[in-house]
1. Given the criteria among the hydroxyl-bearing types (Ser, Thr, Tyr) and assigned to a strand (DSSP E or B), does THR116 qualify?
2. Would a scan of region 251-259 turn up a residue that is assigned to a strand (DSSP E or B), within 17 Å of the chain's Cα centre (by Cα), closer than 26 Å to LYS102 by Cα and at pLDDT 95 or above?
3. Please give the number of the condition SER68 fails out of (1) assigned to a loop (DSSP other than H, G, I, E, B); (2) touching a residue at least 60 places away in the same chain (Cβ under 8 Å).
4. Of the residues ALA185, ALA195, ALA231, only one is buried (at least 23 other Cβ atoms within 10 Å of the Cβ), under 26 Å from GLY83 (Cβ atoms) and touching a Lys or Arg at 6+ places or on another chain (Cβ under 7 Å); which?
5. In region 134-152, which residues are modelled with pLDDT of 85 or more and more than 11 Å from LEU219 (Cα to Cα)?
6. Taking GLN218 as meeting all but one of (1) part of a strand (DSSP E or B); (2) among the polar types (S, T, N, Q); (3) modelled with pLDDT of 95 or more; (4) within 19 Å of VAL161 (Cβ to Cβ), write down the number of the exception.
7. Restricting to region 1-51, and then to whatever is over 14 Å from THR256 (Cα atoms) and among the polar types (S, T, N, Q), can you tell me which residue is modelled with the lowest pLDDT?
8. Just to be sure I understand the filter: pairs with C-beta atoms under 6 Å, separated by 6 or more residues or on different chains, first member in region 252-264 and farther than 13 Å from PRO59 by Cβ and touching a residue at least 24 places away in the same chain (Cβ under 8 Å), second member among the small types (Gly, Ala, Ser) and buried (at least 21 other Cβ atoms within 10 Å of the Cβ). Which pairs pass?
Amino acid sequence: MYLGLGLRLGSSTVTGFDADAAAYFERATITDATAKNQINAFVKGVKGLGLYNSMVCWPLRSTQNASSGATQYSLGGYGVYNGALVGDPTRGANGIVFDGSKIMTTSGLLHNPSTTSSSLVSVVSSSEVSNTVVIVEMNNGSAAGVRIRRDTPTKYGISVVNSGGAQEVTSVTNSATINVFAFLAGSFSPSQQFAVADGTQSSISTATLGNANTVSFQLGLAAANFTGTNAFASYFASTALTLAQTESLRSLYKTTLGTGLGLP
(Lines give C-alpha, C1' and ligand atoms only; values in the text may rest on other atoms or scores of the structure.)
Protein backbone atom coordinates (compact mmCIF):
# COMPACT_ATOMS: atom_id res chain seq x y z
CA MET A 1 0.00 0.00 0.00
CA TYR A 2 1.22 3.49 -0.82
CA LEU A 3 0.61 6.62 1.26
CA GLY A 4 1.46 9.72 -0.76
CA LEU A 5 4.83 10.97 -2.04
CA GLY A 6 6.14 7.49 -2.73
CA LEU A 7 6.16 6.13 0.83
CA ARG A 8 5.37 2.42 0.65
CA LEU A 9 4.36 0.62 3.83
CA GLY A 10 5.90 -2.80 4.43
CA SER A 11 8.88 -1.87 2.27
CA SER A 12 12.44 -0.67 2.81
CA THR A 13 11.94 2.19 0.34
CA VAL A 14 11.12 5.79 1.29
CA THR A 15 10.65 8.32 -1.54
CA GLY A 16 12.94 6.25 -3.77
CA PHE A 17 15.66 5.83 -1.14
CA ASP A 18 16.48 2.92 1.12
CA ALA A 19 14.77 3.56 4.47
CA ASP A 20 18.02 3.34 6.44
CA ALA A 21 19.69 5.80 4.08
CA ALA A 22 16.72 8.16 4.37
CA ALA A 23 16.88 8.00 8.18
CA TYR A 24 20.58 8.91 8.01
CA PHE A 25 19.81 11.89 5.75
CA GLU A 26 17.50 13.21 8.45
CA ARG A 27 19.91 12.61 11.36
CA ALA A 28 22.91 14.15 9.60
CA THR A 29 20.92 16.84 7.74
CA ILE A 30 22.09 15.70 4.31
CA THR A 31 20.74 18.01 1.60
CA ASP A 32 23.13 17.53 -1.32
CA ALA A 33 21.41 15.46 -4.03
CA THR A 34 24.62 13.83 -5.27
CA ALA A 35 25.60 12.85 -1.73
CA LYS A 36 22.18 11.34 -1.11
CA ASN A 37 22.51 9.16 -4.20
CA GLN A 38 26.03 8.10 -3.20
CA ILE A 39 24.99 7.21 0.35
CA ASN A 40 21.88 5.37 -0.84
CA ALA A 41 23.88 3.28 -3.32
CA PHE A 42 26.48 2.48 -0.66
CA VAL A 43 23.87 1.36 1.87
CA LYS A 44 22.14 -0.86 -0.66
CA GLY A 45 25.48 -2.29 -1.78
CA VAL A 46 26.62 -3.14 1.76
CA LYS A 47 23.27 -4.82 2.39
CA GLY A 48 23.81 -6.82 -0.79
CA LEU A 49 27.14 -8.02 0.62
CA GLY A 50 25.39 -9.17 3.79
CA LEU A 51 27.52 -6.85 5.98
CA TYR A 52 25.16 -4.01 6.85
CA ASN A 53 23.96 -5.31 10.22
CA SER A 54 27.52 -5.72 11.53
CA MET A 55 28.68 -2.31 10.26
CA VAL A 56 28.84 1.12 11.79
CA CYS A 57 30.57 3.73 9.63
CA TRP A 58 31.21 7.43 9.37
CA PRO A 59 31.16 9.05 5.91
CA LEU A 60 33.40 12.05 6.56
CA ARG A 61 33.24 14.10 3.35
CA SER A 62 31.53 17.43 4.01
CA THR A 63 28.44 16.74 1.87
CA GLN A 64 28.06 13.21 3.30
CA ASN A 65 27.77 14.16 6.99
CA ALA A 66 26.94 17.16 9.17
CA SER A 67 28.54 20.31 7.77
CA SER A 68 28.89 22.08 11.14
CA GLY A 69 29.03 21.35 14.86
CA ALA A 70 31.09 18.79 16.78
CA THR A 71 29.12 15.66 15.77
CA GLN A 72 29.82 13.28 12.91
CA TYR A 73 26.83 11.00 12.49
CA SER A 74 27.17 7.25 12.11
CA LEU A 75 25.55 5.01 9.50
CA GLY A 76 25.00 1.26 9.66
CA GLY A 77 22.84 -1.53 11.03
CA TYR A 78 24.97 -2.31 14.07
CA GLY A 79 23.68 0.76 15.91
CA VAL A 80 23.94 4.53 16.20
CA TYR A 81 27.36 5.58 17.49
CA ASN A 82 27.90 9.20 16.56
CA GLY A 83 31.42 10.60 16.64
CA ALA A 84 32.53 13.63 18.65
CA LEU A 85 35.18 15.83 17.03
CA VAL A 86 37.80 16.92 19.56
CA GLY A 87 39.95 19.98 18.83
CA ASP A 88 37.80 21.26 15.97
CA PRO A 89 39.38 19.52 12.96
CA THR A 90 38.54 21.06 9.59
CA ARG A 91 35.78 19.65 7.40
CA GLY A 92 36.57 19.46 3.71
CA ALA A 93 35.09 18.22 0.45
CA ASN A 94 37.27 15.10 0.66
CA GLY A 95 36.95 14.45 4.40
CA ILE A 96 37.98 15.57 7.88
CA VAL A 97 41.43 17.18 7.94
CA PHE A 98 43.45 16.14 11.00
CA ASP A 99 46.63 18.02 11.93
CA GLY A 100 48.16 15.65 14.48
CA SER A 101 46.48 17.18 17.52
CA LYS A 102 42.82 16.38 16.88
CA ILE A 103 40.75 13.19 17.16
CA MET A 104 37.22 11.81 16.79
CA THR A 105 35.86 9.72 19.63
CA THR A 106 32.72 7.65 20.12
CA SER A 107 30.76 6.57 23.16
CA GLY A 108 29.43 3.08 23.84
CA LEU A 109 31.03 1.26 20.89
CA LEU A 110 32.99 -1.36 22.83
CA HIS A 111 34.47 -4.82 22.32
CA ASN A 112 37.18 -7.13 23.65
CA PRO A 113 39.60 -8.12 20.83
CA SER A 114 40.89 -11.11 22.79
CA THR A 115 37.50 -12.84 22.49
CA THR A 116 35.67 -11.06 19.65
CA SER A 117 36.56 -10.74 15.96
CA SER A 118 36.34 -7.32 14.33
CA SER A 119 37.45 -5.30 11.33
CA LEU A 120 38.42 -1.69 10.78
CA VAL A 121 38.25 0.18 7.46
CA SER A 122 39.46 3.67 6.61
CA VAL A 123 39.99 5.78 3.50
CA VAL A 124 42.79 8.27 4.06
CA SER A 125 45.32 10.55 2.47
CA SER A 126 48.33 10.89 4.75
CA SER A 127 50.55 13.97 4.78
CA GLU A 128 52.90 12.63 7.47
CA VAL A 129 56.45 12.04 6.25
CA SER A 130 58.37 10.59 9.19
CA ASN A 131 56.47 9.58 12.33
CA THR A 132 54.36 6.49 12.92
CA VAL A 133 50.73 7.61 13.21
CA VAL A 134 47.51 5.91 14.28
CA ILE A 135 44.67 6.36 11.79
CA VAL A 136 41.79 4.42 13.37
CA GLU A 137 41.64 2.15 16.39
CA MET A 138 39.72 0.23 18.99
CA ASN A 139 41.76 1.13 22.08
CA ASN A 140 41.38 1.14 25.86
CA GLY A 141 43.56 4.17 26.46
CA SER A 142 46.86 2.30 26.70
CA ALA A 143 48.77 0.01 24.35
CA ALA A 144 46.02 -2.62 24.28
CA GLY A 145 43.73 -2.77 21.27
CA VAL A 146 43.79 -3.01 17.48
CA ARG A 147 44.77 -0.27 15.04
CA ILE A 148 45.24 0.74 11.43
CA ARG A 149 48.37 2.90 11.21
CA ARG A 150 50.83 4.53 8.83
CA ASP A 151 54.16 3.01 9.82
CA THR A 152 56.59 4.80 7.48
CA PRO A 153 56.14 7.17 4.53
CA THR A 154 55.70 4.08 2.33
CA LYS A 155 53.81 1.60 4.53
CA TYR A 156 50.29 1.22 5.88
CA GLY A 157 49.63 -1.57 8.34
CA ILE A 158 47.97 -2.74 11.54
CA SER A 159 49.15 -3.26 15.08
CA VAL A 160 47.83 -5.60 17.76
CA VAL A 161 48.84 -6.38 21.33
CA ASN A 162 49.52 -10.06 21.93
CA SER A 163 48.80 -12.04 25.08
CA GLY A 164 52.29 -11.27 26.37
CA GLY A 165 51.64 -7.53 26.19
CA ALA A 166 53.96 -6.94 23.23
CA GLN A 167 52.82 -4.97 20.19
CA GLU A 168 53.00 -6.75 16.83
CA VAL A 169 52.95 -4.82 13.56
CA THR A 170 51.96 -6.21 10.16
CA SER A 171 52.37 -3.88 7.16
CA VAL A 172 51.89 -3.79 3.38
CA THR A 173 55.14 -2.83 1.64
CA ASN A 174 55.05 0.23 -0.67
CA SER A 175 51.37 0.85 0.11
CA ALA A 176 51.53 4.52 1.17
CA THR A 177 52.07 7.55 -1.03
CA ILE A 178 52.07 11.00 0.56
CA ASN A 179 48.83 12.94 -0.08
CA VAL A 180 47.25 10.13 -2.14
CA PHE A 181 44.06 8.41 -0.93
CA ALA A 182 44.22 4.73 -0.01
CA PHE A 183 41.53 2.22 0.99
CA LEU A 184 42.74 0.42 4.12
CA ALA A 185 41.37 -2.49 6.11
CA GLY A 186 42.44 -4.42 9.17
CA SER A 187 40.93 -7.85 9.82
CA PHE A 188 41.22 -9.10 13.40
CA SER A 189 40.34 -12.40 15.02
CA PRO A 190 41.65 -13.44 18.44
CA SER A 191 44.31 -15.60 16.75
CA GLN A 192 44.82 -14.25 13.20
CA GLN A 193 45.15 -10.74 11.81
CA PHE A 194 46.16 -9.03 8.56
CA ALA A 195 46.13 -5.65 6.83
CA VAL A 196 44.88 -4.79 3.33
CA ALA A 197 45.90 -1.66 1.42
CA ASP A 198 44.30 -0.97 -1.97
CA GLY A 199 43.71 -4.67 -2.55
CA THR A 200 47.13 -5.95 -1.41
CA GLN A 201 47.17 -8.14 1.68
CA SER A 202 49.97 -8.20 4.23
CA SER A 203 51.42 -11.32 5.75
CA ILE A 204 49.16 -12.95 8.34
CA SER A 205 49.94 -12.54 12.02
CA THR A 206 48.91 -15.37 14.32
CA ALA A 207 49.20 -13.44 17.56
CA THR A 208 46.86 -14.39 20.37
CA LEU A 209 45.46 -11.03 21.37
CA GLY A 210 45.74 -9.95 24.98
CA ASN A 211 42.71 -9.29 27.15
CA ALA A 212 42.02 -5.61 26.59
CA ASN A 213 38.82 -5.61 28.66
CA THR A 214 36.56 -3.24 26.71
CA VAL A 215 38.01 -0.94 24.09
CA SER A 216 36.37 1.97 22.26
CA PHE A 217 36.56 3.31 18.72
CA GLN A 218 38.33 6.51 17.76
CA LEU A 219 40.13 8.20 14.89
CA GLY A 220 43.68 9.00 15.92
CA LEU A 221 45.45 8.52 19.24
CA ALA A 222 46.66 11.20 21.63
CA ALA A 223 50.25 9.92 21.54
CA ALA A 224 50.42 9.23 17.79
CA ASN A 225 47.88 11.34 15.94
CA PHE A 226 47.21 11.08 12.24
CA THR A 227 48.06 14.01 9.98
CA GLY A 228 46.09 14.11 6.74
CA THR A 229 42.53 13.68 5.47
CA ASN A 230 40.15 10.93 6.52
CA ALA A 231 37.25 10.44 4.10
CA PHE A 232 35.65 7.37 5.68
CA ALA A 233 35.97 5.10 8.69
CA SER A 234 34.13 1.93 9.67
CA TYR A 235 33.97 -0.77 12.33
CA PHE A 236 32.58 -4.26 11.68
CA ALA A 237 31.48 -6.05 14.85
CA SER A 238 32.08 -9.79 15.31
CA THR A 239 33.38 -9.90 11.73
CA ALA A 240 36.93 -10.62 10.56
CA LEU A 241 36.62 -9.57 6.92
CA THR A 242 38.21 -11.77 4.28
CA LEU A 243 40.38 -10.31 1.54
CA ALA A 244 37.52 -10.91 -0.92
CA GLN A 245 35.11 -8.97 1.31
CA THR A 246 37.51 -6.03 1.65
CA GLU A 247 37.83 -5.98 -2.14
CA SER A 248 34.05 -5.97 -2.56
CA LEU A 249 33.81 -3.06 -0.13
CA ARG A 250 36.60 -1.19 -1.90
CA SER A 251 34.91 -1.58 -5.30
CA LEU A 252 31.60 -0.43 -3.82
CA TYR A 253 33.10 2.55 -2.01
CA LYS A 254 35.05 3.73 -5.07
CA THR A 255 31.86 4.03 -7.13
CA THR A 256 29.65 5.51 -4.40
CA LEU A 257 30.95 7.47 -1.40
CA GLY A 258 34.49 7.63 -2.78
CA THR A 259 33.71 9.04 -6.21
CA GLY A 260 36.35 11.60 -7.18
CA LEU A 261 38.99 10.62 -4.60
CA GLY A 262 41.21 8.93 -7.20
CA LEU A 263 41.31 5.56 -5.44
CA PRO A 264 43.07 2.82 -7.45
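1. no
2. Checked region 251-259: no residue is assigned to a strand (DSSP E or B), within 17 Å of the chain's Cα centre (by Cα), closer than 26 Å to LYS102 by Cα and at pLDDT 95 or above.
3. Here SER68 clears every test but (2).
4. Unique residue meeting the criteria: ALA231.
5. Passing the criteria: VAL146, ARG150, ASP151, THR152.
6. Unmet for GLN218, out of (1) part of a strand (DSSP E or B); (2) among the polar types (S, T, N, Q); (3) modelled with pLDDT of 95 or more; (4) within 19 Å of VAL161 (Cβ to Cβ): (3).
7. SER11
8. none
The values are calculated or read from the model by the stated rules, or taken from the named source; none is laboratory data. Please read these numbers as outputs of a predicted model, since none were measured by experiment. Heads up, the Cβs are rebuilt from the backbone with ideal geometry, glycines too, and the neighbour counts pull from every protein chain shown.
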